1. Could you order the peptides 115-127, 43-55 from most to least packed, using the average number of other C-beta atoms within 10 Å per residue?
2. Which of the peptides 14-22, 137-145, 217-225, 106-114 is most tightly packed, and how do the rest follow, judged by the mean count of other Cβ atoms within 10 Å per residue?
3. In the neighborhood of I182, defined by Cβ-to-Cβ distances under 14 Å, what is the net charge if each Lys or Arg adds +1 and each Asp or Glu adds -1?
4. Between beta-carbons, use under 14 Å as the cut-off and find the net charge around A72, counting Lys and Arg +1, Asp and Glu -1.
5. How compact and how long is the stretch 150-230, expressed as Rg and Dmax of its alpha-carbon atoms in Å?
6. Label-point separation (nm) for V19 and T135, each offset 7 Å from Cα along Cα-to-Cβ?
7. If each of F193 and V76 carries a label point 7 Å out from its Cα toward its Cβ, how far apart are those two points in nm?
Amino acid sequence: MTKYSALLFISGLVFLLMVVTGLLPIGHAPMLVGNAILEGAKDQVGAANVVTSVVLGYRGLDTLGELSILFAAASVVGLVLTKSSFNKTASANNDDNKHLHDHHDSGFVAVNAIDLIFPLLLVVGMYIITHGHLTPGGGFQGGVVLAVAFSMLVIVRPRRASINHGMVSVIESFAGITFIVIGLIALFKGQSFLQPLLGHGEFASLWSAGTLPLLYLAVGLKVGAELAGLLLALNTDEAASW
């Protein structure tokens, strides 16, 4: 019965693909929505990077959903790892004060390398975030770079570097609230959710695209805080099993 079900599914999929390819001429896709965005993004949004116009302007509500999914996934994984780390530590010994900071720093090469790379990663991450409306990149990519920078610092130098988890939670919450508030302000003004405010400014300059750079800054801080907490939870869980 399973073989016949698989054969039926494959046959239906092949038929669907044949119908789709038969209706759409190969190499001449309509691109109705794409062409409309390319023609109107400059005047409607004011961002030189059209991808930013789509992510934060034309489908900003979907981006809010993506941030919510990332927050939920990071929260669930963090809770699971925290519980697992506690159980492993309790079963190994009765020392409830054993944390990541009890371990020694990494070797000489790794410690000196992270001292050089850490400020560079911070600059690169913030540059990607603040220039997301001008060049490829943005809040998601820059946030990942910031998360890796802080995580590497704590992992390589656990005895000298630390991250205040309370402060990370505050930054994450503030960034998420800022993102939503900017969108609500646009709604209260009778515009679409997250539609750029404050004017478009000078096209292709740093001070352009209205509130889109602020939105990307909020996205970068939120993504960076969530991923940094997740990476540190993974490293702490591993350390607890040593």
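1. The peptides rank, most packed first, as 43-55, 115-127.
2. Going from most to least packed, we get 217-225, 137-145, 106-114, 14-22.
3. Details: positive: K189, K222; negative: none.
Result for the neighbourhood of I182: +2.
4. Details: positive: K222; negative: E66, E172, E226.
Surrounding charge for A72 is -2.
5. 16.4, 53
6. 4.7 nm
7. Placing both labels 7 Å beyond Cα along the Cβ direction yields 2.1 nm.
A short reminder: the numbers here are calculations on the coordinates, not readings from a lab. The model shown is predicted, which means the values in this text are computed figures rather than measured ones. Cβ coordinates were reconstructed from backbone atoms using ideal geometry, including for glycine residues, and neighbour counts include every protein chain displayed.
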